[in-house]
1. List every residue pair whose Cβ atoms sit under 9 Å apart, with the two residues 6 or more apart in sequence or on different chains, where the first one lies in segment 58-79 and is under 27 Å from LEU30 (Cβ atoms) and in contact (Cβ under 8 Å) with a residue 12 or more places away in the chain and the second, anywhere, is exposed (fewer than 14 other Cβ atoms within 10 Å of the Cβ) and among the small types (Gly, Ala, Ser).
2. State which residue is modelled with the highest pLDDT when the search covers only segment 104-127 and only residues that are open to solvent by 60 Å² or more (accessible area, probe 1.4 Å) and hydrophobic (A, V, I, L, M, F, W, C).
3. Could you list all residues from segment 36-93 that are open to solvent by 90 Å² or more (accessible area, probe 1.4 Å) and either touching a strand residue (DSSP E or B) at 6+ places or on another chain (Cβ under 7 Å) or under 25 Å from ILE146 (Cα atoms) (or both)?
4. Looking only at segment 128-172, filter to residues that are assigned to a strand (DSSP E or B) and modelled with pLDDT under 90; which one of those is surrounded by the most Cβ atoms within 10 Å (Cβ to Cβ)?
5. Between residues in segment 23-50 that are under 30 Å from THR107 (Cβ atoms) and in contact (Cβ under 8 Å) with a residue 24 or more places away in the chain and residues that are open to solvent by 70 Å² or more (accessible area, probe 1.4 Å) and not in a helix (DSSP H, G or I), which pairs lie under 7 Å by C-beta distance while being six or more apart or on different chains?
6. List the number of the failed condition for GLN134; all other conditions in (1) touching a Gly at 6+ places or on another chain (Cβ under 8 Å); (2) closer than 23 Å to MET33 by Cα; (3) free of Cβ contacts under 8 Å to residues at least 60 places away in the same chain hold.
Amino acid sequence: METGSPKDTGITRDARTGDEPVWTALPPGLLRMRRLLLVVWLGLLTAGLGGLLGWLAGPGWSAFAALPLALMAWGWVMLGRNWRSWRYAERADDLLISRGVLWREETVVPYGRMQLVEVTSGPVERHFGLASVQLHTAAAATDAAIPGLDPAEAERLRDRLTELGEARSAGL
């Protein structure tokens, strides 16, 4: 693998073909789910804190309940930036997963090193029609996950990665 031009920071080029990988972004349902959870939890915290401060310290102190609202506004922006940073690319010999805003992290998972590919979906994810793909390799440090995929895409990715992993490990 060789690195692309300086403009292509964070994108690797396939040395054999010279082609850029085709990156796939996460669907917007993950962002909607995370923002709704942020609003619900911090909204409940704001209401509870305002009521408690108003009851214990007086109505003037309940204004401090606005602090979680400021945190909510900051979290709203940060969740959007984080969601936009997630992407993955399927290449001939490996899977690339890229994420991070301040600290960019790019994980390369060779198909031949994959031992297990799981699709998981908790109750909140199922409500939003989302699933996550968890990749387990021989080295625990290289385990990776792709959150918030459409269930059909998660199953397709699991089947493809399992097929490619079996084909690559058979050649070892």
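1. PRO68/GLY43; LEU69/GLY43; MET72/GLY43
2. My answer is VAL124.
3. Across segment 36-93, the qualifying residues are TRP41, TRP74, TRP76, ARG81, ARG84.
4. For segment 128-172, the residue satisfying everything is ALA144.
5. Filtered contacts from segment 23-50: PRO27/ASP150.
6. (1)
The values are calculated or read from the model by the stated rules, or taken from the named source; none is laboratory data. All of these numbers come straight from a predicted model, not from anything done at the bench. Here Cβ is always computed from backbone atoms with ideal geometry, including for glycine, and neighbour counts include all displayed protein chains. Ligands, DNA and RNA are stripped out before the accessible areas are found, and what is left, the full protein with its side chains, is counted by its heavy atoms. Shrake-Rupley method; radii C 1.70, N 1.55, O 1.52, S 1.80 Å.
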